[in-house]
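This report concerns only the one structure given below.
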Amino acid sequence: MLSRRHVIASALAAPAILRLGIGTAQAATTLKISHQFPGGTIDKGDFRDRLCRMFAEEVKKRSGGEISAEIYPNSSLIKTNAQFSAMRKGALDISLYPMPYAGGEVPETNIALMPGLVTTYDQGARWKTSPVGKALSDFLADKGIILLTWVWQAGGVASRSRALVAPEDAKGLKVRGGSREMDMVLQTAGASVLSVPSNEIYTAMQTGACDAGITSSTSLISFRLEEVSKFLTSGAKASYWFMLEPLMMSKSIFDALPKNQQDIILTVGAELEAFGRKGAQEDDIEVANVYKKAGASVSELDLATVNKWRDIARDTAWKDYGAKTKTAANLLKLATDVAA
């Protein structure tokens, strides 16, 4: 016989809260959505938080209230780096998560921030419907993750002491790159590196542990890095740093839902991709305005400079990644086919 304490403990441990009323034929599902970014409203704030809120509102509307969702910004529910593992275990339902943050646990996910591999939004968008997208989706499903919304973001550099534009500028700087592969490229260029999630760059730069941080344009704005920076390198026109930050879901939680709810979740997720791309591209432009207003000097990347970074990446990060596993080698080949 279960004690009251056991019942309460089981209820708290359940990642998807099921509320079944007396006489009802179907449970109402409340999904928990976690992310590391600042919270806002459905109309204002970081577009990634807004996307999560739009997702929650739309699935509730289309399901007639059968599905609802609670949003937990600022890693307030689960710490940033633990979210991927939590989804795999079924301890977290959904997260808008920078995929290469999972690289320590699943190295193949670092394909999502391979320097110079994706260089335009159009190219990134083609992944979903290309063989690389199917291979990546299948691989992640096998690891317990379902991709709901494919969101690519271009990145730039905020720096304290001097502008970091070309590889030769990196020598002697302490730089946050965002993935193991980006770190390899930076080290080859003469920088030292540190690995922290984007929501910790501000503190690292403020304390002097970091001279420059490479991250998405949206994070350059949302985490107020202009307050600790004197230089910005914008990726609005060209970038060697594109990261896949999808809305992703625990496969075990997804599989436990009825088919009609699964269909709603997948449909709404796919429909929000246009909003995600628009938000990312608008921030690519807005970031320069924010930094100029704060008094920072702004530089722009061009294709020639991007190619310099890509040449280094091909000889270091790409080779290292492709040699890791057969899956990694296949993903890299398929991704380069999209770029061709």
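Just check region 57-183 against the gyration tensor rule for me: Cα atoms, a ≥ b ≥ c as the square roots of the eigenvalues, rounded for a/c under 1.5, and otherwise prolate or oblate depending on whether a/b exceeds b/c.
Prolate, because a/c is 1.5 or more and a/b exceeds b/c.
With r defined as the distance between the Cβ atoms of SER68 and ALA274 and R0 fixed at 22 Å, what FRET efficiency is calculated, to the nearest 0.05?
0.40
At what distance in nm do the modelled label points of LYS143 and THR129 sit from each other, each positioned 7 Å from its Cα along Cα→Cβ?
Reported label-point gap for LYS143 and THR129 is 2.6 nm.
Each label point is 7 Å from the Cα along the Cα-to-Cβ direction; what then is the distance between the points at ILE42 and ASN260, in nm?
2.2 nm
Treat each spin label as a single point 7 Å out from the Cα along the C-beta direction, and report the GLU300 to ARG224 distance in nm.
2.9 nm
Using the charge dipole of the chain (Lys, Arg: +1 at Cβ; Asp, Glu: -1 at Cβ; taken about the Cα centre), state which of SER198, ALA313, ALA170 has its Cα farthest towards the positive end.
Sorting the options by dipole projection puts first SER198.
Could you run the Karplus curve 6.51 cos²θ - 1.76 cosθ + 1.60 with θ = phi - 60° over region 186-202 and give me ³J(HN,Hα) per residue in whole Hz, x for Gly and Pro?
With coefficients 6.51, -1.76 and 1.60, one gets 4, 5, 5, 7, x, 8, 9, 10, 9, 10, 9, x, 4, 6, 10, 5, 3 Hz.
Go ahead and estimate [θ] at 222 nm for the chain from helices alone: -39,500 (n - 2.57) per DSSP H run with n ≥ 4, summed, over the residue count, rounded to 500.
Using -39500 (n - 2.57) per qualifying helix, the result is -12000 deg cm²/dmol.
Roughly how tilted is helix 259-271, in degrees to the nearest 10 and between 0 and 90, from the longest Cα axis of the chain?
Around 20 degrees separate the two axes.
Of [x] 21.8; [y] 20.6; [z] 22.4, which is the value of Kirkwood radius over Cα pairs in Å derived from the coordinates here?
This structure yields the entry labelled [y].
Residue-wise, which Karplus ³J(HN,Hα) couplings in Hz belong to region 140-145, taking 6.51 cos²θ - 1.76 cosθ + 1.60, θ = phi - 60°, and x for glycine or proline?
Taking θ as phi minus 60°, the curve returns 5, 4, 5, 8, x, 10 Hz for region 140-145.
For GLN281 and GLU105 in the same chain, what is the full-extension length gain: residue separation times 0.36 nm, less their Cα-Cα distance, in nm?
Extra length available between GLN281 and GLU105 comes to 60.4 nm.
Tabulate in residue order the Karplus-calculated ³J(HN,Hα) for region 76-90, using 6.51 cos²θ - 1.76 cosθ + 1.60 with θ = phi - 60°, rounded to whole Hz; enter x for Gly and Pro.
Each residue's phi maps through the Karplus curve to give 6, 9, 9, 4, 3, 6, 8, 5, 5, 4, 4, 5, 4, 8, x Hz.
Please work out how much length the chain gains when fully extended from LYS319 to ALA82, using 0.36 nm per residue of separation minus the C-alpha to C-alpha distance, in nm with one decimal.
Fully extending the segment from LYS319 to ALA82 adds 82.5 nm.
Under 5 Å between amide H atoms, partner at least 5 residues away or on a different chain: which partners does SER75 have, H built in plane at 1.01 Å?
Long-range HN contacts for SER75: HIS35, GLN36, PHE37.
Treating only the Cβ atoms of Lys and Arg (+1) and Asp and Glu (-1) as charged, compute the dipole magnitude of the chain about its Cα centre; round to the nearest 20 debye.
620 debye
In whole Å, what three semi-axes, largest first, describe the equivalent ellipsoid of region 242-286 built from its Cα gyration tensor (square root of 5 times each eigenvalue)?
Taking √(5λ) for each eigenvalue gives 28, 12, 5 Å, largest first.
Taken together, the values in this text are just the output of simple stated rules run on the coordinates, not laboratory data. Note that this is a predicted model, so its numbers are computed, not measured. All Cβ positions, glycine included, derive from the backbone under ideal geometry; neighbour counts span all protein chains shown.
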